[in-house]
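The values are calculated or read from the model by the stated rules, or taken from the named source; none is laboratory data. Computed from a prediction, not measured in an experiment: that's the story for all the values here. All Cβ positions, even for glycine, are placed from backbone atoms using ideal geometry, and neighbour counts span all protein chains on display.
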Amino acid sequence: MVAKSIDEDPELAYGYSKVALRLASRVGAVREAAGFAAYATQRYSEALAEFRAARRMSGSVELWPMMADCERGLGRPEKALDMAGAPEVQKLDKAGQVEMRLVAAGARRDMGQLDAAIVTLQSPELASSSVQPWTARLRYAYADALLAAEREDEAREWFAKAIEADKDGSTDASDRLAELDGVEFVDAFDEDDEDVEGDGDEAQSEAGDSASTAPAPAEAEQRDEGADDDRPERAAE
């Protein structure tokens, strides 16, 4: 239940994870899921504790990048950088190493070291033309760092490359590129709503005009009474 709801409703997933912890706190997978649920709701201290517990139980290093990112979330980018240089990183698979690189670059940016963040992201994985599950996010992070450094032309190029790799729309690279190109999106539904409101206002205006030109009930009655009074006089004549 935690995994199914974490993307759509992180708070609901967090609630499920708390129930699971009460029932099976000694199961590594439960602690890991609780960590991800806490991370998704920005409860970084709690997430870090759960990730550490899961790592102790499993002996795996695959949560190392997530633990480092929790340190960032807690305002400790220096600790995240220390973890990026730890021996555990060498034990990660390729996806984990790329994730660790993203975390390290983010920590550099947290510390105001923008140029160092850009250099951190420059890697064989970034230069590769092959598309892997991490490619879109890596290219996007690089484009975003370039844009922050006011290297707009390069940023545009890398946002475009991120779009090429982002088949499932996991980033908003297309929106960022359109923004750089000065393209503005108009919500068609908003325009339709405005048209409907405009038609409604016109109808109300027409109805008001018709009501203002029609005789009031009292005036109509007076006219009818006047017409009745005239009939006897004309008959008498």
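Which fully enclosed helices (runs of 4 or more DSSP H) of the range 91-150 have 2 or more residues being among the hydroxyl-bearing types (Ser, Thr, Tyr) and buried (at least 23 other Cβ atoms within 10 Å of the Cβ)? Let's see the steps before the verdict.
Values: elements: 94-110, 114-121, 124-127, 135-148.
Filter on the range 91-150 gives 135-148.
Got at least one residue in the range 41-59 being among the β-branched types (Val, Ile, Thr) and over 28 Å from Arg151 (Cα atoms)? Step through it out loud before you land on a result.
Going through the range 41-59, the residues among the β-branched types (Val, Ile, Thr) turn out to be 41.
Still in the running and over 28 Å from Arg151 (Cα atoms): 41.
Yes, because at least one residue in the range 41-59 is among the β-branched types (Val, Ile, Thr) and over 28 Å from Arg151 (Cα atoms).
Among the numbered criteria (1) touching a Gly at 6+ places or on another chain (Cβ under 7 Å); (2) at pLDDT below 95, which single criterion is violated by Phe51?
(2)
Is it the case that Glu78 is at pLDDT 95 or above and touching a Pro at 6+ places or on another chain (Cβ under 6 Å)?
Details: at pLDDT 95 or above: yes; touching a Pro at 6+ places or on another chain (Cβ under 6 Å): no.
No, not satisfied.
Six or more apart or on different chains, Cβ under 6 Å: which pairs go from a residue in the range 66-79 that's over 12 Å from Gln42 (Cα atoms) and without any contact (Cβ under 8 Å) to a residue 24 or more places away in the chain to one that's small (Gly, Ala, Ser) and part of a helix (DSSP H, G or I)? Could you list them?
none
How many residues are crowded, with 19+ Cβ neighbours inside 10 Å and within 21 Å of Pro65 (Cβ to Cβ) when one looks only at the range 15-39?
Count: 11.
Could you please let me know if Arg56 is among the charged types (D, E, K, R), in a helix (DSSP H, G or I) and surrounded by 18 or more Cβ atoms within 10 Å (Cβ to Cβ)? I'd like the intermediate steps shown before the answer.
Working: among the charged types (D, E, K, R): yes; in a helix (DSSP H, G or I): yes; surrounded by 18 or more Cβ atoms within 10 Å (Cβ to Cβ): no.
No, not satisfied.
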